[in-house]
Amino acid sequence: MRSHPTEPLLTTLCAGAAAGPLLLAATERPTRGEDRLLAAVLEDAVRCWRSYAHAHGRRAVRLRGELRDWFRSDALDSPFDFAAVCDHFHLDPAAVRTRLGLDAATPVAA
């Protein structure tokens, strides 16, 4: 059975900006190539979500909408789908969404 960081990954990725770094500490980073790639996908999505959270302009609104769609999707068609990445690391997608402030009331365009 594979060993995956679960709560440390969720906590580190979704902690508030003032609470600490976005990226996983070196000791918590997955060592397998597949795990590192999927962790990087999730890290980048969280980083982008935070970067565009209060940005303005057409491009920012479009990117924020694409990110929101990715986080809200429950598709498992690709290993890079949000739900598939969460499943890989044994994370609850709803918990990640909640920690990022992506509830059903979040408007698509701001």
### Task
Report, by residue number, each residue of region 46-68 that is within 12 Å of the chain's Cα centre (by Cα) and not β-branched (V, I, T).
R47, C48, W49, R50, L67, R68
### Message
Among the residues of region 77-86, are any more than 11 Å from L102 (Cα to Cα), assigned to a loop (DSSP other than H, G, I, E, B) and over 15 Å from the mean Cα position of the chain (by Cα)?
### Response
yes
### Task
Restrict the check to region 49-59 and report whether at least one residue is touching a Gly at 6+ places or on another chain (Cβ under 9 Å) and modelled with pLDDT under 90.
yes
### Query
If you go through region 60-73 one residue at a time, do you hit one that is open to solvent by 30 Å² or more (accessible area, probe 1.4 Å) and within 14 Å of A39 (Cβ to Cβ)?
no
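The values are calculated or read from the model by the stated rules, or taken from the named source; none is laboratory data. Source: prediction; values computed, not measured. Backbone-built Cβ (ideal geometry, glycine too); neighbour counts: all protein chains shown. Remember, those area values only see protein heavy atoms, side chains included, never the ligands or the DNA or RNA. Shrake-Rupley method; radii C 1.70, N 1.55, O 1.52, S 1.80 Å.
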